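One structure is given here, and the rest of the page talks about it.
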Amino acid sequence: MKQAPIRTVISPGRYVQGAGAIHRLGEFLSQVGKTPLLVADDVVWGFVGHDIGTSLQVAQLPLTREVFNGTPTAVEIDRLTGAIRAAGADVVVGVGGGSTIDACKAAGDAAGIRWASVPTVASTDAPTSALAVVYTADGAFEEYRFFTRNPDLVLVDSQIVANAPASFLAYGVGDALATWLEARATAASFSLTMAGGLPTETGTALARLSWDVLWEFALPALDAARDNLVTPALEKVIEANTLLSGLGFESGGLAAAHAIHNGLTAAPQTHGLAHGQKVNIGSLTQLVLEGAPTAEIRDFVEFTTRVGLPSTLTEVGLSVDDARELDLVAEAATVPAETMKSMPFDVGPADVKAALKSIERFSRRVRREAGLPEPVPYKAH
């Protein structure tokens, strides 16, 4: 007998956020495991290692650290899995950005232990989720890996986020703005979410809340971050970028915006761009595909340009004349396994290519009329 579809929400075991939260990591981590393995690259460890070490010492936890090598590839995940087993760890702690955290979730799952996230930037919603994005060594999207549970702990020190370059916060806004656009498409099409069921009212509402918080507070939060200040606006945006967007995308659903992000990774010209920069192009392209009201698309271009996000192909290293690359992007974005299938209508490669090409002229005109800067061409590293 065919089973009726379920509705479900998934979430991390505990979310902790606030200025100075890093000093309480040991306290919360001791509730999850007794032999943690900390994973961070050398840059991140240089400014958090001392505080983490002190916090673990107070909680009477041993400090063992493994270096993260930069990209969550299958090879790197396997290496970290081996490091977990060699250390006899019962919890792996990803400290840094989304790539570090995704690699740790995947390695923790493979090793059969628990995992925790300590993001040092608010640039993606990876810290809360029960999935990881795996890339090839040259930066192209390879696959999603899904896990049976979310992190047991997510701890965000707001002052550390404020001390990071404000551009990271802007990238997180780009990632999080897609959450509502994709959740409403998923709800309209009655598609399954990343949580494995139909969207709940809760998941969809949290996606909408993330959108509303960002439109209200993103610009003052970015100003605070530029001055390394923790303000109520910054706290709200950190939560929107990390928790609300994480819950909203996972239990609300992904659609065209992230499928187009994944497609963009097929073009070498986009390598080196942040996740949220490519997602913003995906969100704008999704609005075009939907035939959204012109005023809505115009507002999105203006707002995200003020945030510091790309709204043209030029800003992600492409042009309307890059026929071969745009074909690659469009094909990759519409393969059967992609989240493009969550759109409430069929979308083919030709639709994606036309929508991508259309944003160049439209966005340039909107920006001129609003007195906003002209696009600066991006050159891949």
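Just so it is clear, none of the values below were taken in a lab; they were calculated from the coordinates. Please read these numbers as outputs of a predicted model, since none were measured by experiment. Note: ideal-geometry Cβ built from the backbone for every residue, glycine included; neighbour counts use all protein chains shown.
Using only alpha carbon positions, build the gyration tensor of the chain, then give the equivalent ellipsoid semi-axes as the square roots of 5 times its eigenvalues, largest first, whole angstrom. Don't jump to the answer; show the numbers that get you there.
Values: eigenvalues 217, 104, 78 Å².
The three semi-axes for the chain are 33, 23, 20 Å.
Give the residue list of chymotrypsin sites (Phe, Trp or Tyr not before Pro) in the stretch 291-381 that are DSSP loop and have at most 16 other beta-carbon atoms within 10 angstrom. All intermediate terms of the calculation are to be shown ahead of the outcome.
Numbers: sites: PHE300, PHE303, PHE345, PHE362, TYR378; in loops: PHE345, TYR378.
Sites meeting the loop and neighbour criteria: PHE345.
Using the Cβ-Cβ distance between ARG298 and ASP51 with R0 = 45 Å, the FRET efficiency computed as 1/(1 + (r/R0)^6) comes to roughly 0.50.
Each Lys or Arg adds one and each Asp or Glu subtracts one; over the other residues with Cβ under 14 Å from the Cβ of LEU177, this totals -4. Compared with the alpha-carbon gap, the fully stretched path from ARG226 to ASN69 is longer by 53.7 nm at 0.36 nm per residue. Here's the list of aspartates and glutamates a cross-link from LYS341 could span, going by alpha-carbon distance under 15 Å and ignoring same-chain residues fewer than 8 apart: GLU182, GLU290, GLU331, ASP351. Which of the chymotrypsin sites (Phe, Trp or Tyr not before Pro) found in the stretch 124-201 are in a DSSP loop and have at most 12 neighbouring Cβ atoms, other than their own, within 10 Å? Those that pass, being in a loop and sparsely packed, are PHE190. The alpha-carbon of LYS236 sits under 12 angstrom from the alpha-carbons of these aspartates and glutamates, leaving out residues fewer than 8 places away in its chain: ASP212, GLU216.
Looking only at trypsin sites (Lys or Arg not before Pro) in DSSP loops with at most 16 other Cβ atoms within 10 Å, what is the longest site-free stretch of the chain? By the stated rule (loop sites, at most 16 other Cβ atoms within 10 Å), 150-378.
Please arrange THR64, THR294 by how many other C-beta atoms lie within 10 Å of their C-beta, fewest to most. Intermediate results must be reported in sequence, preceding the final value.
Working: THR64 17, THR294 11.
If I rank by nearby Cβ atoms, fewest first, I get THR294, THR64.
On C-alpha positions alone, give me the angle between the axis of helix 275-290 and the longest principal axis of the chain, in degrees, nearest 10. So the inclination is approximately 40 degrees. Taking only the Cα atoms of the stretch 144-277, the radius of gyration and Dmax are 15.2, 44 Å. With the simple spin-label model, which puts each label point 7 Å out from Cα in the Cβ direction, the ILE6 to PHE190 separation comes to 2.0 nm. Electrostatic tally near ALA337: other residues with Cβ closer than 14 Å to its Cβ, Lys and Arg +1, Asp and Glu -1, net -2. Pairwise Cα distances in the stretch 166-369 exceed 23 Å in 40 percent of cases. Looking only at ASN280, ASN69, ASN150, which one moves most when the chain is put into a Gaussian network model with springs between Cα atoms under 10 Å? Of ASN280, ASN69, ASN150, the Gaussian network model singles out ASN69 as fluctuating most. The distance between label points at ALA323 and GLU201 comes to 5.2 nm (points 7 Å beyond Cα on the Cα→Cβ vector).
A Gaussian network model of the chain, with springs between Cα atoms under 10 Å, assigns the largest mean-square fluctuation among GLY26, GLY203, GLY263 to GLY26. Taking the number of Cβ atoms within 10 Å of each Cβ as an exposure proxy, the fewest-first ranking of SER99, SER245, SER123, SER158 is SER158, SER99, SER123, SER245.
Here the Gaussian network model covers the chain, with springs between Cα atoms less than 10 Å apart; of ASP321, ASP90, ASP41, ASP321 fluctuates the most.
If we count every other residue with Cβ under 15 angstrom of ASP327's Cβ, Lys/Arg +1 and Asp/Glu -1, where does the sum land? Before the final figure, lay out the partial values.
Working: positive: ARG324, LYS353, LYS357; negative: ASP321, ASP322, GLU325, GLU331, ASP351.
Here the count lands on -2.
Rounded to the nearest 500, the 222 nm mean residue ellipticity of the chain from helices alone is -16500 deg cm²/dmol, with -39,500 (n - 2.57) taken per DSSP H run of at least 4 residues. With neighbours defined as other Cβ atoms within 10 Å of a residue's Cβ, the residues TRP115, TRP45 order from fewest to most as TRP45, TRP115.
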